[in-house]
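Derivation of every value follows stated rules applied to the coordinates shown; laboratory data play no part. Predicted model, so just to flag it, every value in this text is computed and none were measured. Here Cβ is always computed from backbone atoms with ideal geometry, including for glycine, and neighbour counts include all displayed protein chains.
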Amino acid sequence: MTQRGEDETSFGFRKVKASEKAGLVRDVFDSVAERYDLMNDLMSGGVHRIWKSVMLDRLSPQPGEMLIDVAGGTGDVAIGFLGRANGRPSADKKPAAHATICDINYEMLRAGAGRAPAKTLASQLTRICGNAEALPFNSGKADAYTIAFGIRNVTDMDAALKEARRVLKPGGRFLCLEFSHPITEGLQKIYDAYSFNVIPWLGDKVANDAESYAYLVESIRKFPGQEAFATRIRKAGFSRVKYENLTGGVAALHIGWRV
C-alpha cells in the first residue's frame, strides 16, 4: 500500500509504480470476470456467501435506504441488500431501497448485469464504473457503504477510506469485508498451504489464469492485520470502529460509523 506522492506500491509481492497499479488490477479482473463467482464458490467452498450474509446481518438493510457498494463487481452484496430491505414487513409502506454498485472494472459490472436477480431488481439497482479513491458521488449521499474483498486492491487505501466517509450521511455505516490474518499459527500454516498451492491451480483449471489468482493470494498476505486496519479506519474519521473475525480470522468484517 502507498500514500499519495510515493512512487511505488505493492502489486502482490511485486513493487510497481503507483500510477500503474489500477491498470494492473483492472487487467486481473478483466481476465476473470466471467468465472469470478464460480471461482469464489470453488476457492472458499461457498463460505464467502456465509461471510457476506454475516455482513448483511450486521448492516440490517431497511426500506428506503441507499447503499453504495464499492468494488461490488457482479453485485451479490447489493442484490442481497435489496432483497433484505424489500423483505421487511414495512417495505410496502416506505420508499424502495436503492443500491449503487461502483466498480473500476467494466467487465465485472457487465458480467453481473446479465444475471437474473439483477434484472428483477433493475429499478432499484444502478451500476457505475468508478474509482474507490475518487468516488463519482456527492457528499452525504448514502446510508451505508460496503466493500467486500476489494479494499486490498486499491492503490491508496487511506484515500479510499476517506472517500467512504465523505459519501456517507451523518449516522451512515461503513462495512468492509476482507480476507485477513488467521488468529492461530496452525490455522495460518494450513491457510498458506491451501492458498499458495490450490488457489492458483484452480485459477488455471477453471479460469485459465493461474497468474491472476496468484496475485490475489499475494495481495491477501500484504493486507494489514485486523488491528492495523482498524486504526486506519479511525484515522479516516470513522467512529465506533470494531471488527469481527470470521472463520478464525481467515476473513474479518470491519465496521465504522460516520457521526
*asked:* Just to confirm a number: summing +1 for Lys and Arg and -1 for Asp and Glu over residues other than Pro61 whose beta-carbon lies under 13 angstrom from that of Pro61, what do you get?
replied: +2
*Using a basic spin-label model with each label point 7 Å from the Cα along Cα→Cβ, how many nm lie between Ser19 and Lys242?*
4.5 nm
*Using only the Cα atoms of the range 57-210, build the gyration tensor, take square roots of its eigenvalues as a ≥ b ≥ c, and label the shape rounded, prolate or oblate: rounded if a/c is under 1.5, else prolate if a/b is larger than b/c, else oblate.*
prolate
*So which aspartates and glutamates can Lys93 reach, going by Cα to Cα under 14 Å and dropping same-chain residues fewer than 8 places off?*
Glu65
*Grab the range 148-259 and count how many Lys pairs have their alpha-carbon atoms under 27 Å apart, sequence gap of 8 or more, or different chains.*
11
*Anyone know which of Asn40, Asn131, Asn86 comes out most mobile in the 10 Å Cα GNM of the chain?*
Asn40
*Kindly put Ser19, Ser195, Ser123, Ser180 in sequence by how many other C-beta atoms sit within 10 Å of each C-beta, fewest to most.*
Ser123, Ser19, Ser195, Ser180
*For the chain, modelled as a Gaussian network with Cα springs under 10 Å, which listed residue fluctuates most, Asp37, Asp143, Asp92?*
Asp92
*Report the local net charge at Ala85: Lys and Arg +1, Asp and Glu -1, summed over other residues whose C-beta lies under 11 Å from its C-beta.*
+1
